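So that we are looking at the same thing, I have put the structure below in structure tokens.
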């Protein structure tokens, strides 16, 4: 989990890869456009900088709005699989031919992403420095947990306007929808650039494996009723 501290409005936004990160980085670019050329050009530097100062001074964060953006772990996993592996952004793990193979490989070790799968996009949302900071300061602040579909709410807390400039996403032209209830067993080429129903990537066995792997996320976001 990453985070963005906006002291001007006493807001801290917590988000994860494949869970609103592109939109939040676009918000950052808009927010810092006339304040910091460095951050405007590359908002990722806010994540790469040493966060130790935030932890040393965490007691100063009192009376803040803590906005945590969540995403259904079932859907987040499918989205990451399609975006990063079916579209060949990353090299595909050996002997991995479909979503079922991918899930079986991912869930071999509980809560630990295997070395041959990209860690950033498939680790738990309830993980990392952001989640550590959240747990340190949550008791003295107002916690707001939202689903990714409501991410535009964030803009209101930091007084951002012109949402058409910050909410654009990469558009991929997709062909006809696949009419199959067993998408987990189709190979990569059969589903590449096709419209799919994320629910159809799961049978009961795969759903149980993913639930157990991301159990801490399901528990933390229980009010969003992802399970």
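The values are calculated or read from the model by the stated rules, or taken from the named source; none is laboratory data. This one's a predicted model, so the numbers in the text were calculated from it and none came from an experiment. Backbone-built Cβ (ideal geometry, glycine too); neighbour counts: all protein chains shown.
Could you pull out the residue among 161, 179 that is part of a loop (DSSP other than H, G, I, E, B), touching a helix residue (DSSP H, G or I) at 6+ places or on another chain (Cβ under 8 Å), modelled with pLDDT under 90 and over 19 Å from residue 83 (Cβ atoms)?
161 is the lone residue from the list that is part of a loop (DSSP other than H, G, I, E, B), touching a helix residue (DSSP H, G or I) at 6+ places or on another chain (Cβ under 8 Å), modelled with pLDDT under 90 and over 19 Å from residue 83 (Cβ atoms).
From the list 157, 99, which one is under 30 Å from residue 57 (Cβ atoms) and touching a residue at least 24 places away in the same chain (Cβ under 8 Å)? I'd like the intermediate steps shown before the answer.
Details: 99 fails: under 30 Å from residue 57 (Cβ atoms).
Exactly one of 157, 99 is under 30 Å from residue 57 (Cβ atoms) and touching a residue at least 24 places away in the same chain (Cβ under 8 Å), namely 157.
Within the range 200-213, does at least one residue satisfy the condition of being at pLDDT below 95, outside any helix (DSSP H, G or I) and surrounded by 12 or more Cβ atoms within 10 Å (Cβ to Cβ)?
The answer is no, given that none of the residues of the range 200-213 is at pLDDT below 95, outside any helix (DSSP H, G or I) and surrounded by 12 or more Cβ atoms within 10 Å (Cβ to Cβ).
Return the total of residues in the range 42-61 being modelled with pLDDT under 70 and in a helix (DSSP H, G or I).
Adding up the residues that qualify gives 6.
Assuming residue 121 fulfils every condition listed in (1) within 30 Å of residue 157 (Cα to Cα); (2) over 17 Å from the mean Cα position of the chain (by Cα); (3) outside any helix (DSSP H, G or I) apart from one, which condition is it?
Answer for residue 121: the failing condition is (2).
Would you mention how many residues in the range 131-153 are over 15 Å from the mean Cα position of the chain (by Cα) and not in a loop (DSSP other than H, G, I, E, B)?
Of the residues in the range 131-153, 13 are over 15 Å from the mean Cα position of the chain (by Cα) and not in a loop (DSSP other than H, G, I, E, B).
Tally time: how many residues in the range 63-86 are closer than 13 Å to residue 99 by Cα, surrounded by fewer than 17 Cβ atoms within 10 Å (Cβ to Cβ) and over 11 Å from the mean Cα position of the chain (by Cα)?
1
Considering only the range 62-84, how many residues are in contact with a helix residue (DSSP H, G or I) (Cβ under 7 Å, 6 or more places away or on another chain), at pLDDT 95 or above and part of a loop (DSSP other than H, G, I, E, B)?
1
Let me ask something else about it. Look at the range 118-140 and say how many of its residues are modelled with pLDDT of 90 or more and under 24 Å from residue 208 (Cβ atoms).
Total meeting the criteria: 7.
What's the number of the condition residue 143 fails, among (1) under 18 Å from residue 83 (Cα atoms); (2) modelled with pLDDT of 95 or more?
The one condition residue 143 does not meet is (1).
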